[in-house]
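First up is the structure itself, then whatever we jot down about it.
The values are calculated or read from the model by the stated rules, or taken from the named source; none is laboratory data. Predicted model only: the values in this text are computed from it and were never measured. Cβ coordinates were reconstructed from backbone atoms using ideal geometry, including for glycine residues, and neighbour counts include every protein chain displayed. The protein model used for the area step is the full one, side chains on, heavy atoms only, and it has no ligands, DNA or RNA in it. Shrake-Rupley method; radii C 1.70, N 1.55, O 1.52, S 1.80 Å.
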Amino acid sequence: MISLFPLGFVENKSSPDPRDKMRKIKYESELDLKFGEQMAAKAYGQKLLSCIQCGTCSSTCPLSDYMDYTPRKIIAMTREGFRDEVLNSLTIWLCSSCYACTVKCPRQIHITDVMYTLKREAIARGVYPKRYPIPIFSREFFNIVRKQGRNSEAILLIKFYLKTNLFMMFKQAFMGLRLMRTGRFSFKRDKIERIDKLQRLLKAAESIEEVRT
Amino acid sequence: MKKYLYYPGCSLHSTGKAYEESMLSVFRYLNVEVEELKDWNCCGATSYASIDEVQAFSLAARNLVIAENQNGNGELPELLTPCNACYLVLTKTQKYMSTYPHVKEKVDQALSAASLHYEGKTKVRHPLDVIANDIGLKTVSDMVKKNLQGLRVACYYGCQIVRPFADFDDQHNPMTMDHLVSALGGEAVDWPLKTRCCSGSLTGTIPEAGLRLNRRLLVEAVKRKAEMIITCCPLCQFNLECFQDKINANYGENIHIPVMYFTQLMGVAFGLPEGDLGIQRLFVKPSWHLSSQKGGVKVHA
């Protein structure tokens, strides 16, 4: 797995002091103290701020093994204002929206919505891990649906592999052929009839500011 | 019996084609009228919400509005949504629009640009819910022609059918599909991973994580002596079935277990022709399993 920096360390490139380049703490002046409240407001209510750090989310999460910070840490870091670390993390992109944490959380925090909010914030600020495949996948999906109103799985995968890892496409070619032979993969673009109306709808939605409570 | 509107979603037109074919055949056999939603669009899935939330909700809401308008006779529209991801997105949109006035205001504003008006009357239903609670398992078991006695089935629900909004079954230990298997004469295997995530699109994006999640599910099902896995979600079916070769190669396993849609298994029990159920589209063919079941008595070769 790619790791941005050793866990628990703060990378501080801008500091002239060499001892400051890698240290385990962050000073309050370096944090974005409003970040926690801003994210809580976007992710449906102030519940995020009432997290008791029990770790139920991390233990239920099927993907926490592969994350750079566990979901519990992400919640704590968000609340305390570690904005850059949170938005650059791979954790938020690895969340597959299985909602296991959301239904188990004893404080009823909408953790999956928190992850979605952080993903959108990372995109809005342009700080997401640029070469990480998942944001690229989401963007390609988004573009296809905007253009056609429906997703075409075969086209999505080809566009995705072209932008990430061409080698993978050849490795997957055998499965693609099998899917085509069984009639489960088609390169036909599935498009809706009233795409003009849908695009007008999406354009209007785009200009509306993000939902806040 | 009332008519159901049907929202296929993108997967049921490609990788999940067998799900559409088998579901429609089973409903036809059960004399339930199903009509496709006119000019439906993608629900947005998880990817769209990662980029723009208002757009994602508006996209899903358009389908709900179309359903309201398509049912002319004043009856409350019931929208059959077989894909778990679509089911979650549509129920979530509905729930958030009724709970958070801010969401509703913004989505309404977007919808009005396309001269659509949302009333929130559509009831989103999963076919599993309809079969168990509207049609009833008694009716289902009365119509069985080929009893599946002795067939050990692991029922895989996936994440997004019961978590977090569905009200027809338990969030932690759903049993609807298990009861359905019993109604068909089969034996539902006790399998605690039934709602554990299959990793969704991670099998394509981060295979080292995605494949491992699927490996866990498959290994546990085999260990519990399941002869097949049935699912109710096109992405779960695709992940569990199509990546078996890769999982075997990468992790030294030897797994060859058929993964079917629950509607396919129902069709088999109803004695419907395999071509109508999309059985030929499966990578791991279940025929040798089913041919050993004859007239309800397990025949050993």
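Observations on the structure shown:
- Dipole magnitude of the protein assembly as shown, debye to nearest 20 (Cβ charges: Lys/Arg +1, Asp/Glu -1, about Cα centre): 960
- Over the residues of chain A, the helix contribution to mean residue ellipticity at 222 nm works out to -15000 deg cm²/dmol, using -39500 (n - 2.57) for each DSSP H run of at least 4.
- Per DSSP, loop trypsin sites (Lys or Arg not before Pro) in segment B:126-164 with at most 13 further Cβ within 10 Å: B:LYS145
- C-alpha long axis of helix A:111-124 to longest principal axis of chain A, angle in °: 80
- Each principal axis of the Cα cloud of the protein assembly as shown was evaluated for its coordinate range; sorted largest first, these ranges are 80, 56, 43 Å.
- For chain A: accessible area per residue (Å², 1.4 Å): 50
- With all protein chains modelled, accessible area of B:LYS106 [1.4 Å, Å²]: 40
- Residues along segment B:2-22 losing 30 Å² or more of accessible surface when the other protein chains are present rather than the chain by itself (probe 1.4 Å): B:CYS10, B:SER14, B:THR15
- Segment B:147-301 shape via C-alpha gyration tensor axes, a/c threshold 1.5: oblate
- Inter-chain Cβ neighbour count for A:63-72, averaged per residue, equals 2 (cutoff 10 Å, partner chain atoms only).
- Under 13 Å, Cβ to Cβ, from A:ALA100 - net charge with Lys/Arg +1 and Asp/Glu -1: +4
- Spacing of the modelled spin labels on A:ILE158 and A:ASP32, each 7 Å from Cα toward Cβ, amounts to 3.9 nm.
- Cα-based shape type of segment A:133-207, given that a ≥ b ≥ c are square roots of the gyration tensor eigenvalues and the cut on a/c is 1.5: oblate
- Residue-level accessible surface for B:HIS179, protein heavy atoms, 1.4 Å, Å²: 100
- Within the shell of other residues whose beta carbon sits under 14 angstrom from the beta carbon of A:LYS163, the net charge comes to +3, with Lys and Arg scored +1 and Asp and Glu -1.
- Considering only B:LEU80, B:LEU218, B:LEU272, the mean-square fluctuation computed in a Gaussian network model of chain B, springs between alpha carbons under 10 angstrom, is largest for B:LEU272.
- Rounded if a/c under 1.5, otherwise prolate or oblate - chain B, Cα gyration tensor axes: oblate
- The lysines whose alpha-carbon is closer than 17 Å to the alpha-carbon of B:LYS145, local same-chain residues fewer than 8 away aside, are B:LYS294, B:LYS298.
- For segment B:139-175 and segment A:162-213, distance of Cα centres in Å: 30
- Förster radius 41 Å - calculated FRET efficiency between A:PHE174 and B:GLN109, Cβ distance, rounded to 0.05: 0.30
- Heavy-atom surface of segment B:84-212, accessible at 1.4 Å and reported per residue (Å²): 37
- List of segment B:59-74 residues, accessible area with partners at least 50 Å² below that of the chain alone (1.4 Å probe): B:ARG62
- 0 to 90° range, to nearest 10: angle between helix A:71-80 axis and chain A longest Cα axis: 60
- Association of chains A and B removes close to 6200 square angstrom of accessible area from solvent, both sides included, for a probe radius of 1.4 Å.
- For chain A, the Kirkwood estimate of hydrodynamic radius, built from reciprocal distances between every pair of different alpha carbons, is 19.7 Å.
- Where no second cysteine Cβ lies under 4.7 Å, the cysteines concerned in chain A: A:CYS51, A:CYS54, A:CYS61, A:CYS95, A:CYS105
- Fraction of accessible area attributable to carbon and sulfur, segment B:155-299 (%, probe 1.4 Å): 51
- Dipole of the protein assembly as shown [Lys/Arg +1, Asp/Glu -1 at C-beta], most positive-end residue of B:HIS256, B:MET97, B:LEU272: B:HIS256
- Largest-first ordering by accessible area, 1.4 Å probe, given options A:ASP17, A:ASP68: A:ASP17, A:ASP68
- Largest to smallest accessible area among B:SER47, A:SER50 [probe 1.4 Å]: A:SER50, B:SER47
- Spin-label pair B:ASP167-A:LEU166: with each label point 7 Å from Cα along the Cα-Cβ axis, the two points sit 5.4 nm from one another.
- Helix runs (DSSP H) in chain B reaching 20 Å along axis by Cα, Kyte-Doolittle at least 0.0: B:53-70
- Accessible area in the full protein assembly, largest first, 1.4 Å probe, for B:VAL222, B:VAL130: B:VAL222, B:VAL130
- By accessible area, using a 1.4 Å probe on protein heavy atoms only, segment B:3-125 has 48% of its surface on carbon and sulfur.
- Cut-off 18 Å (backbone N to label point 7 Å along Cα→Cβ of B:ARG28), residues of segment B:137-160: B:145
- Alpha-carbon centroid distance for the pair segment B:57-101 / segment B:103-126, whole angstrom: 8
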